[in-house]
Every structure is written in C-alpha cells, then in structure tokens.
Amino acid sequence: MSVMQSGDEEEWDDEDWEDDSDSSFISDMSVASKMKLAGAGSLVLVILIFAMVSQNFGFYYGAGGLTVLIDVNEGKDPGDRTLNANIWATSPAFGMLAKEGSYTITFNSANQASGNFDLSAEGRASISVDYESFFVTNGVYTMKVEVGSQTSSNSVTIDRFADSVSGSVSNFDGDYPLDKDSPVIINMQFAAVNSESYINPWVSGTVKVYHYETAFNDNQGESYWDDDSERGNTADNWNLVDTIQLDVNSDSGSYSYSSGGTTDFYAVEIPPYNLNLIIDVDKFYDGEGSGDYTLVFDFSNDFGEDISSKDGRSSWKWFHLCETKDNGECKNNE
C-alpha cells in the first residue's frame, strides 16, 4: 500500500538560499550593528561629498573653468605703461561662481606684484597694472590668476629698459655742412643688449653739446666724422656750449635748454616709433660759432631696478655748423 503525499515538494536553488541567507543576516543583526553599518555608510557619503567639492562639483563658491589673456599688443605699443589682461570664469557644475579672485605678476619666478579683482555675474573681469608697480628689467612677465581652486596664467615680453641711445643726425650726410640758421634734427634711438628692436623707455637725462673749432673738411666719409682722434680725443679738449635736459616718456616728452625754453619732442608715428630732438642752433651758436659739433647723452631709466647712468653719442659722432653760401659751402672756408 503506497503512502500519498499531500503536495509536491518545492525545490530550492542556490540563489534562493543566498537571498534567504542575506535577509536572514540583516534580520539577525543587532541594533548596534545596524547603527554601525549606517554610520559607515554616512562616512562614505561624507567622503564622496568632500571629494566632489575638491573637484569643483560641490555646493560652494568657486569656478569650474578659468582663463586669463594678456592684451595681444602688450609691450608693443609705444607709450603704453600698463599691463592689461582680461579674465573669463565659469561656474562650477554644482556650485556658485565666486565673486572675486586674486592675481600675481612674476619675473624669473619671483613675485613682483599682487592684488584682487571682482568678477561680474557673467564671470568677467579685467586687470590693469602700472609697469612701475612690477617692472624689473626687460624680459618675460607672467600673470597668474586664481578663483577658488582654479588657476590660469599667461605671459608676455616687456622691453622698456634702455642700455644706450644713439642720436642720428638725420639732416647731415658729410657732403655739405649744416647752415647755422637750420635746426639740427636728431633721431633718438634707444636700444638694449637683450632686445632685437629699439626700446621706447621712460628716461631722464641730459645731452651735452660740444664744439671743436675747425674748418669744414669736405670729401670725407663716415670714418672721418666718427673719429674723435681728429678732434682731441676727449671732452676735455672740446668746448661745452649747452646742456639740454631730457625728459623722455616713451613716445613723448620734452627737453629744455640751459639758456631757457622748453620744447616737446616730435614723435615719429611709424616703426620703430622714435623721437626727434630738433635742436635750435640759435641757443648756442653765437658762443663758439662755426666748427664741428658733437652730442653726448647721459641718462638713467625711470623704470626698473637698474638706475645707473647710461650714455650715448650723436651718429655720426660729429657734424659741422657754419654760415653757408648759396652753393651750400661754408663762407669762412674761403
């Protein structure tokens, strides 16, 4: 006689055993264990939030992106004495855009200037810093800006320091003398040993006008007019007839004669943007009269750490002034 079962037995697979085991494990945990588990979960959540904040994804004031661009013409325009830069910042993904930031200007990795700036609601800002606040000498300057944890930098070469000056006598070619009633036009060209182009500096100094008594020597070239040995070699053997005070402001300025009177430089508005020193011969000619003349420059830079005296000469070094005849020759050469 067979025994009948009331129903078919259910078969349990491995997954059912695992689910039952997990639920049984949680059910069997004590309250203290459950609290520890919840605490651990909270700690993990805090760590995640902190990581998000550190990566600019948190609920805080900062910036998601940041860019600084220095003016493309910076350091190139004569007369420009301010470093100008524009700033663009974007909001962090889950934060709010900061309202301000900071900047530093470095030269050879050393900080030269620093400050703060305000950001607009659109994340825009501009910075203008006078060269006098940070300029050391010619070279590369880097501006670094910071908003929140974001930074951006941009660099530019600024050459405003002059090592020497040459005064080209543009209306004298050695073939004929300059008439005493005509001005002497000096094209001033400042230069620096570490720059390939002329400099537009801010300098103060003098130009001394010396006279050496001699008749005009025609049919002579550059080597003759550049030779001091033909005229006593040193300034001790020359006659000082005027000392002109110079005040050069890059692409402008003025000069004053010792006898009185101040004149503005004439700016040459084409590259390399030189200044013309137009000398009034009447200021000194009556003192010594006809002869060879030379100009000796002495100046110091208004910007930078090096305030030592620099020098220069007219180019060619010598030129001749006299009262000329209709044919351009000196009357006193007869």
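Just so you know, all these numbers are worked out from the coordinates, no wet-lab data involved. As the structure is a prediction and not an experimental result, all values here were calculated from the model. Cβ: placed from backbone, ideal geometry, glycine included. Neighbour counts: every protein chain shown.
Odds and ends about this structure:
- If R0 is taken as 45 Å, the Cβ-Cβ distance between residue 254 and residue 116 corresponds to a FRET efficiency of 0.75.
- Applying 0.36 nm per residue to the separation of residue 306 and residue 333 and subtracting their alpha-carbon distance, the gain on full extension is 5.0 nm.
- Label point at residue 282 placed 7 Å out along Cα→Cβ; residues across segment 300-334 whose backbone nitrogen lies under 17 Å: 322-324
- Segment 298-317-segment 172-234 distance, computed between alpha-carbon centres (Å): 16 Å
- Counting every other Cβ atom within 10 Å of each residue's Cβ, 243, 157 order from fewest to most as 157, 243.
- Applying 1/(1 + (r/R0)^6) with R0 = 25 Å to the Cβ-Cβ distance of residue 223 and residue 176 gives a FRET efficiency near 0.90.
- Label-zone membership for segment 298-330, site residue 234, 7 angstrom Cα→C-beta point, backbone N under 12 Å: none
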